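Contents: one structure, followed by commentary.
The values are calculated or read from the model by the stated rules, or taken from the named source; none is laboratory data. Just so you know, these numbers come straight off a predicted model, no measurement behind them. Here the Cβ is made from the backbone with ideal geometry for all residues, glycine too, and neighbour counts use every protein chain on show. What goes into the accessible areas is simple: the full protein's heavy atoms, side chains included, and nothing from ligands, DNA or RNA. Shrake-Rupley method; radii C 1.70, N 1.55, O 1.52, S 1.80 Å.
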Amino acid sequence: MKKAIRFLCAALSLIIFCSGLTACGKTLKYKGSVLAAGKVGAAYEQSVELEKAPEGVTVTYELKEGSVLPSGLSWNAAGLITGTPVNKTSSPSVFTFIASAEGLKSVEAEFSIPSIEEGTLAYTLTDLPNSAPDREYDQQIAVSGGAGAVTYTLKSGDLLPAGLSFDNGAITGTPTTLGETRTFTVTASANDCKSVTSDFTIKVVEPWIDYEGTKLVNGRVGVYYNASLATATGADVITYGLKAGSTLPSGLSLSSKGTLSGTPDERLSGREFTIVASAAGYVSVEAVFRINILPAIEGFFDGVITYNPKAISTVYVNESIEFKEAVSGATASNRMPVSYALAPGSTLPGDLEILPNGTLSSENGAPAAGTFTFNVVAGAQGCESVTASFTLTVAFAKLKFPSGRLEIATVGTSYTRSIANAVTPDGINVPITYTVKSGIPAGLSVSPGGQLSGTPAKSSKEATFSVTASAEGYTSVDAYFYMRIQEKITPVANGIFEAEYIDLTGITGEGWSGSRFEEGVIQNDSPDASNGYFIGWTLGRNIYTFNFTSSQAVTGAGLKVRIASEGGNVNITPAAFEIRVNGISLPYTSFQLSGTYEHMGDFVDCVVAASGLNLVAGNNKVELVIKENNILDGRCFGPAMDCIKIENFGAASFTWRPCTYNTDWI
């Protein structure tokens, strides 16, 4: 009896013990294998998962300490090896993974990648567009595949059309010789990839005009119609004509300046006609327009016209104008269309005329300055005409003073630039005086002769200021100028590069409920940000680039990124957050970041490379790349970025040009 009791107690103890384990009686069996070979520049994905995990058990995977994957590849806890190999290897890469599950003993398995094969490059742009004299040309030859930077080389002795230049695949410039055709050979090369060669041809043809048709505003039978079809671009002086065989609606005509006007006298639906835009030395181009002509208003009754004239804008001597409905403002109580005409006995200066819809129009403007009073008659069917008086002020001819963007200036460096480019409209040479109207950057001034000079005192992404040009007998005019004032080259203390001072041009920061653009991605609401600021809004694909100069080559340095989470607990992996140095991806162990949707987590110094960072003497580039991912709630995610830290760089010194103006808006 006592033996039976002891046996029962032992059995109960075993049951109680097993009930406290999630996988009592289960074991992990892990077997290694030879994985698929990789290829430089080609996406790679292989699994190191168990062939069969015990039912109900969650297994996680970890690369064993001391094991190394081929450069460019990374792993995650789900057992996937992903990335893009960057270096060719002929010998196998052997490494060990550890499989673990709660309540079970961890097991190891050895895997290998037999080789990383040479990459393949293929041109993705095979046909270059034609160019034209005096028209800017900007095209980039490109390839797919490859790893890191791709270098493009023009075959020795090959020439581009005169006026164009070649710089690492970018073809830019302004062609000068009409009819020139050049075929040239370009070789594309990348690290551990087979070079690829292709022939390209650029023809310099006659310049062309860009012109597109559209659906016009509806007209109405018996009502004056006026619309401009002069929308072609590409030449300074363009004339317009109706294509042979094409027909305008009855009652309408087209001027050589592209004005369609007249009083339609037939109802039409969807009438199409073709207009030809032409310019001397250019290839003419056609555009198709469509218009509906609505039926005339019928069933009118007698009414009364109410006419409330409005002020007319000032016009200028010898300046063509077209003030839409300048003398309109009359309404008929019977709702009939109102037309306008210059009253008998009244005159307008020069070739100014009043169109039936109340537009004040002129091809050449008034010949002299002065104040002119004239009367306008407003009439409508079934109504007695009404006359109103208007006053037109003609001012002296305006000077021509173009606004523009100036060359980049540098803080603390002397700057001189002439902005004296105002001229008279009639070509008469008279003294012109320049005065600052508003916004001149600190340290700069403008002389009466139009010389902008001085030493800028503060950086600015877009300094804007206005200048007034004046001359006796002419109307003064303002011009606006825009310039970037960059920071001077600055030493970097302790190898720390602040993220808020990188060039953010073109960066679009996604947010949970909106977006920020360029310097708008900078925030200052984290007490542990190293300089008080950091880059947030990183829920989208972007590349954040740190450009700097090293006084000498560096080998075996360390690299840390100081980052945090703005959206909850998340595991940052190389597949989602790539870190490149001089075009080469750095493999690193995943970063676990903590945070909540309400409160951002603390910034953490994450080690990318403890001692494997190599820099060149001269220009270097570190890129933080947010790739397409769904690591947080199924959407693209990237960490908040405070700074990068380069450590153990020996006797080297670093300099860079920080964009300190980025934080001016905060």
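In square angstrom, rounded to the nearest 10, how much accessible surface does D302 have for a 1.4 Å probe?
130
Between T306 and S466, what FRET efficiency comes out of the Förster formula 1/(1 + (r/R0)^6) with R0 = 56 Å and r the beta carbon distance, rounded to 0.05?
Between S466 and T306 the formula returns 0.85.
Quick one: what Rg and Dmax do you get for the chain from the alpha carbons, in Å?
36.9, 138
Return a whole-number percent for the relative contact order of the chain, with Cα pairs under 8 Å and 6 or more residues apart as the contact set.
Relative contact order, the chain: 8 percent.
I want the antiparallel fraction of DSSP beta bridges within the chain, as a percent rounded to 5.
Once the DSSP bridges in the chain are tallied, antiparallel ones form about 90 percent.
Just name one of Y61, P425, T508: the one whose Cα is farthest towards the positive end of the charge dipole of the chain (beta-carbon charges, Lys/Arg +1, Asp/Glu -1).
Final value for the positive-end residue is Y61.
What is the dipole size for the chain, taken about its Cα centre, with +1 at each Lys and Arg Cβ and -1 at each Asp and Glu Cβ, in debye to the nearest 20?
Dipole about the Cα centre, nearest 20: 1460 debye.
Dipole of the chain (Lys/Arg Cβ +1, Asp/Glu Cβ -1, origin at the Cα centre): which of P92, A609, L121 lies farthest to the positive side?
So the residue furthest toward the plus end is P92.
For n ≥ 4 DSSP H runs only, could you compute -39500 (n - 2.57) per run for the chain, divide by its residues and tell me the 222 nm figure to the nearest 500?
Calculated from helices alone, the mean residue ellipticity at 222 nm is -1000 deg cm²/dmol.
Using only protein heavy atoms and a 1.4 Å probe, report how much of M600 is accessible, in Å² to the nearest 10.
Roll a 1.4 Å probe over it and M600 shows about 60 Å².
What are the ³J(HN,Hα) couplings of the stretch 600-612, residue after residue, when phi is run through the Karplus curve with 6.51, -1.76, 1.60 and θ = phi - 60°? Round to Hz, x for glycine and proline.
Residue by residue, the stretch 600-612 yields 6, x, 5, 6, 10, 7, 9, 7, 8, 9, 6, 7, x Hz.
Taking just the C-alpha trace of the stretch 413-461, give me its Rg and Dmax in Å.
Cα only, the stretch 413-461: 13.0, 40 Å (Rg, Dmax).
Taking +1 at the Cβ of each Lys and Arg and -1 at the Cβ of each Asp and Glu, which of A651, N130, G163 sits farthest along the dipole of the chain towards its positive end, judged by Cα position relative to the Cα centre?
Farthest towards the positive end: A651.
Can you tell me the length gained on complete extension of the stretch T545 to A395, counting 0.36 nm per residue apart and subtracting the Cα distance?
Working it through step by step, the gained length comes to 48.7 nm.
Go through W208, W656, W537 and list them by solvent-accessible area, largest first, probe radius 1.4 Å.
Ranked list, largest accessible area first: W208, W537, W656.
Would you compute the Debye intensity of the stretch 80-220 from its alpha-carbon atoms alone, equal scatterers and no solvent, and pass along log10 I(q)/I(0) at q = 0.11, 0.12 Å⁻¹ to two decimals?
For the stretch 80-220 at q = 0.11, 0.12 Å⁻¹, log10 I(q)/I(0) is -0.62, -0.68.
Using a 1.4 angstrom probe, figure out how much accessible area the chain has per residue, in square angstrom, rounded to the nearest whole.
Per-residue value: 50 Å².
Where the only charges are on Cβ atoms (+1 Lys, Arg; -1 Asp, Glu), what is the dipole of the stretch 172-283 about its Cα centre, to the nearest 20 debye?
With only Lys, Arg, Asp and Glu charged at Cβ, the dipole is about 300 debye.
For a Förster distance of 56 Å, can you work out the FRET efficiency between the beta-carbons of A170 and A343, rounded to the nearest 0.05?
Rounded to the nearest 0.05, the efficiency is 0.35.
Can you give the accessible area of L632 in Å² (nearest 10), computed on protein heavy atoms with a 1.4 Å probe?
Roll a 1.4 Å probe over it and L632 shows about 10 Å².
How far is helix 2-19 tilted off the main Cα axis of the chain, in degrees rounded to 10, range 0 to 90?
20
Placing unit charges on C-beta atoms (Lys and Arg positive, Asp and Glu negative, everything else neutral), compute the dipole magnitude of the stretch 489-582 about its Cα centre in debye, rounded to 20.
With only Lys, Arg, Asp and Glu charged at Cβ, the dipole is about 320 debye.
Based on the Kirkwood radius over alpha-carbon pairs, what is the Stokes-Einstein translational diffusion coefficient of the stretch 538-666 at 10 °C with 1.306 mPa s viscosity, in µm²/s?
Here the translational diffusion coefficient equals 102 µm²/s.
Extent of the stretch 454-601 along each principal axis, from alpha carbon coordinates, in Å, largest to smallest?
Between the extreme Cα coordinates on each principal axis of the stretch 454-601 lie 74, 45, 28 Å.
Once the convex hull of the alpha carbons of the stretch 459-534 is built, what does its volume come to per residue, in cubic angstrom?
Measuring per residue, one finds 155 Å³ for the Cα hull of the stretch 459-534.
What are the residues whose amide H is under 5 Å from the amide H of F465, where those residues sit 5 or more places off or on another chain and H is modelled from the backbone?
Answer set, sorted by chain and number: F481.
Taking amide hydrogens as modeled 1.01 Å from N in the peptide plane, which residues meet the under 5 Å criterion relative to K488, leaving out close sequence neighbours?
When sequence neighbours closer than 5 places are left aside, the close amide H contacts are V411.
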